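The values are calculated or read from the model by the stated rules, or taken from the named source; none is laboratory data. All of these numbers come straight from a predicted model, not from anything done at the bench. Positions of Cβ are backbone-derived with ideal geometry, glycine not excepted, and every protein chain shown enters the neighbour counts. Heavy atoms of the whole protein, side chains included, go into the accessibility calculation; ligands, DNA and RNA do not. Shrake-Rupley method; radii C 1.70, N 1.55, O 1.52, S 1.80 Å.
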Amino acid sequence: MTRLTATVRSLEQVLATVSFGLSPIARYVVAVAMVGIALEMRLLIAAPDGGVPFLTFFPAAAISAIIGGLGPGLVACALGAGLAVWLFIPLVDTASWLSLLIFLVDGVIVCTAIEAMRSYYRRNAEMNLHLEKTVERLSSMNADLARFAYVASHDLQEPQRSITSFSQLVVRDYGDRLDQRGRESLGFVIDGGR
């Protein structure tokens, strides 16, 4: 397995399981915290009139969707849009409205795609668990079947030995009284029992 494949599988496992330990409220708290972190970083890195403020909040929305799902991702997207409009871009012209609309549409698309991936990985993890349980159950059934076959084989050997022994006694005691066909038939029984 290559390093890239191992990394992708690790990320798949994280996507499938990361948020399931968080309560719904905690997921939304994470979304608000991500927007707060994005705002802090924006204020540290660039001046308020530094341009493209929506880009500041896009990672917060995506990470919130990864950690918390669709709802927290959309909340982060809406909070980011609101903060960007309130602090950085007043909605006074068509370009600012268009920027807001593009950010919101992109946010919804990305959050929905991330939720679809999470759902896929969750179902995949559930199917893998079901498959593992099925394999364990089949292994147990195969072991039971092997034990049954051993016991049945052993139990069937005793009647076979009795038939062979009795046939040998018949040939020894009454072989001269049997015709050719009788001797051949008993010979087949004795040979089959060996």
* (i) -0.56, -0.83, -0.89; (ii) -0.39, -0.75, -0.85; (iii) -0.51, -0.96, -1.06: which one is log10 I(q)/I(0) by the Debye sum over Cα atoms at q = 0.09, 0.13, 0.14 Å⁻¹ as calculated from this entry? -> (i)
* Structure fact -> Rounded to the nearest 0.05, FRET efficiency between Ser162 and Lys133 (Cβ-Cβ, R0 45 Å) equals 0.50
* Accessible surface of His130 - all protein chains present, 1.4 Å probe, nearest 10 Å² -> 120
* Asked: Accessible area per residue, 1.4 Å probe, Å², for the chain: what's the number?
  -> 68
* Structure fact -> For Ser99, the accessible surface traced by a 1.4 Å probe with all protein chains present amounts, in square angstrom to the nearest 10, to 50
* Asked: By how many nm would the segment from Thr112 to Trp86 lengthen if fully extended, with 0.36 nm per residue of separation less the alpha-carbon distance?
  -> 6.8 nm
* To do: Starting at the first residue of region 187-194, write each ³J(HN,Hα) from the Karplus equation 6.51 cos²θ - 1.76 cosθ + 1.60 with θ = phi - 60°, in whole Hz, x for Gly and Pro.
  => x, 5, 4, 5, 5, x, x, 8
* How far apart, in nm, are the 7 Å Cα→Cβ label points at Trp97 and Ala6? -> 5.5
* In the Gaussian network model of the chain, springs joining C-alpha atoms below 10 Å, which of Arg177, Arg118, Arg137 carries the largest mean-square fluctuation? -> Arg177
* Arg183 to Phe148: FRET efficiency via 1/(1 + (r/R0)^6), r the Cβ-Cβ distance, R0 45 Å, to the nearest 0.05? -> 0.75
* Structure fact -> Summing -39500 (n - 2.57) over every DSSP H run of at least 4 in the chain, dividing by its residue total and rounding to the nearest 500, the 222 nm mean residue ellipticity is -29500 deg cm²/dmol
